[in-house]
Every structure is written in structure tokens, then in C-alpha cells.
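Chemist: Okay, handing you the structure first.
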Amino acid sequence: MKREIHSWHSPALNKTMEIAVYGHYGFALLLFPTAAADFLEYERFHLIDSISRQIEEGKVKVFSVNSINAESWLNQYMQPRHKAIRHQQFNEYIFTEAIPFIKSMTSQDTPVITSGASFGALHAANLFFRRPDLINGVIAMSGDYDLSSYTKGYHDQDVYFNSPVQYLPNLHDDYFLPLIKQSGHIHIVTGSGDWEHPDASRRLSAILSARGIPHELDVWGYDIPHDWPTWRKMLPHYLDTRF
């Protein structure tokens with residue numbers, strides 16, 4: 001499998017940010033790490049191995065970005081407002097740096113699908129819903145789509161606008177809402193086993209249904225926990241059956 005590591009100093013984040021790239025061809029799959037992990041997490045926990053066939057066949061080219069969660073909501077020593085600012089800076093990095101980089105490594109017409117597990121699912125879904133003009137769909141695994149779950153009671157405008165279950169009910173934009181509805185690739189997937197929170201996925205699905213947004217809610221069984229074996233099953237299943 002072709003594997004490359006790229007990095008540059010991010011103007012949005014004022015730090016060096018790495019991206020691991022796997023494969024040659026196919027649509028672009030942009031992966032967001034869980035919790036406070038890094039850009040190689042999906043490789044270390046063998047999720048990349050689990051989709052190696054799809055990568056080698058040229059179905060998908062994978063881009064795994066670094067996380068700044070340890071510099072925002074998972075940093076207990078930061079002031080909440082500073083955490084919110086850092087989160088917004090990460091969004092800017094994705095929109096103005098990572099996406100253009102992906103296009104330079106593929107083509108301007110190559111679809112970009114975001115994905116991630118746990119906290120990575122929140123980033124993946126939120127970034128798609130906020131910029132469906134740049135991102136074409138999402139595979140969100142085992143997520144909680146309300147950023148308030150991580151903010152320990154703090155709330156401001158940035159928390160609101162990074163919580164899909166908060167802003168989607170009020171989204172009436174004549175440009176972005178139709179793009180979201182046209183995606184064809186909104187997949188909300190969760191288990192029902194240990195440490196999973198399927199009601200969070202059901203809550204997001206109910207909001208999408210109320211807004212008339214086509215999507216797929218897929219709730220797996222009680223034998224499916226919030227853990228790596230689950231995500232190593234989910235992602236290759238979706239690459240094989242939905243793309």
C-alpha cells in the first residue's frame with residue numbers, strides 16, 4: 001500500500017500539522033482521530049489495515065489528519081472560551097488548508113467524504129454539515145453530535161455552531177441546505193453495546209428527518225461496543241456496500 005506523510009506549518013493553527021495519505025486513486029476519505037489522538041491513530045489500531053483492499057483497489061484514497069482536541073475541549077487547563085476559539089481554528093485549518101491539499105493530491109472533481117469514530121465522528125459530521133460545498137458526505141461512527149457533551153456546562157455561539165443537533169433544526173440557508181439534501185452519503189452508524197450511545201445517533205437522525213434530509217441511520221446490535229473492533233467492521237462494510 002502506498003503510504004505518505006505530509007506536513008506543513010498551519011497558518012490557522014500556528015503549528016505544524018501532519019497528514020497521513022494512503023493509496024493512489026479513488027474518492028477522498030478524510031479521517032478524524034478519536035479523542036486526543038493523532039494522525040497515525042487509525043494506522044496503529046489497524047483500521048487502515050481493515051480497508052487496505054479498498055485502498056489497493058483504487059476505490060478510496062485515505063487522508064488521516066491530526067487532532068487538536070487535546071488543545072481544546074479535552075484540555076482541562078484551558079479556559080472554555082479559548083477551547084472554543086481553538087476548535088474554530090481547527091475548522092479553518094480543514095476548510096482552507098486540508099481540503100485544498102486533498103484536492104491537490106487528487107483532483108478538483110474528486111468527492112471528499114469525512115469519517116471518524118467517537119469524537120472524530122462529531123468533527124466529521126459537523127464539518128460536512130457546515131460546508132457541504134467543500135465536503136460531499138460523511139460516515140459517522142459511534143458519535144455524539146452535541147458538542148455540549150464535552151464542554152462541562154460551558155456554552156457560547158461557537159459551541160452552538162459546532163453542535164449539529166443544535167444548529168441543524170434552525171438551518172434555513174437556501175444554498176447549504178439543498179447541498180446537504182443532495183449529498184446522498186450521510187451515514188450515521190452506531191453500536192448498542194458497551195460504552196455506545198445509540199440515542200445520540202437517533203437524535204441526530206430525527207433532526208435530519210424533520211428537515212427532510214435523506215440519510216441512513218444504522219444501529220448495530222448489543223454485541224457491538226464502543227471500541228476498535230467495531231469500527232474495523234463498520235468502515236469497510238460501508239466502503240463496500242455504499243460506494
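Chemist: Return the pair list, or none, for Cβ contacts closer than 9 Å from residues in the stretch 53-70 that are under 23 Å from His24 (Cβ atoms) to residues that are of a type in the set (Asp, Glu) and assigned to a helix (DSSP H, G or I), at least 6 apart or on different chains.
Modeler: Arg53/Asp240; Gln54/Asp240; Lys59/Asp240; Ser64/Glu41; Ser64/Glu43
Chemist: Would you mind stating whether Ile188 is outside any strand (DSSP E or B), of a type in the set (Val, Ile, Thr), under 28 Å from Ile55 (Cα atoms) and in contact with a helix residue (DSSP H, G or I) (Cβ under 8 Å, 6 or more places away or on another chain)?
Modeler: Judged against the criteria, Ile188 is not a match.
Chemist: From the residues in the stretch 209-243 that are in contact (Cβ under 8 Å) with a residue 40 or more places away in the chain and hydroxyl-bearing (Ser, Thr, Tyr), which one is nearest to Met141 (Cα to Cα)?
Modeler: Out of the qualifying residues, it is Thr230.
Chemist: Now, a different point. With the requirement that a residue be touching a strand residue (DSSP E or B) at 6+ places or on another chain (Cβ under 8 Å) and either in contact (Cβ under 8 Å) with a residue 60 or more places away in the chain or not basic (Lys, Arg) (or both), what does the stretch 192-208 give you?
Modeler: Hits for the stretch 192-208 are Ser192, Glu196, His197, Pro198, Ala200, Ser201, Leu204, Ser205, Leu208.
Chemist: Starting from residues that are modelled with pLDDT of 95 or more and among the polar types (S, T, N, Q), keep the ones in the stretch 70-94 and report whichever is surrounded by the most Cβ atoms within 10 Å (Cβ to Cβ).
Modeler: Ser72
Chemist: Shifting gears a bit: Step by step: first the residues of the stretch 211-241, then only those that are part of a loop (DSSP other than H, G, I, E, B) and among the β-branched types (Val, Ile, Thr), then the one that is farthest from Tyr167 (Cα to Cα). Which residue is that?
Modeler: Ranking the qualifying residues of the stretch 211-241, first place goes to Ile224.
Chemist: Quick one: in the stretch 159-202, of everything that is under 29 Å from Asp227 (Cα atoms) and among the acidic types (Asp, Glu), which residue is surrounded by the most Cβ atoms within 10 Å (Cβ to Cβ)?
Modeler: Glu196
Chemist: Kindly indicate the residue of the stretch 27-64 that is among the small types (Gly, Ala, Ser) and under 23 Å from Pro111 (Cα atoms) and also surrounded by the most Cβ atoms within 10 Å (Cβ to Cβ) among those meeting that condition.
Modeler: Only one residue tops the list, namely Ser64.
The values are calculated or read from the model by the stated rules, or taken from the named source; none is laboratory data. Just so you know, these numbers come straight off a predicted model, no measurement behind them. All Cβ positions, glycine included, derive from the backbone under ideal geometry; neighbour counts span all protein chains shown.
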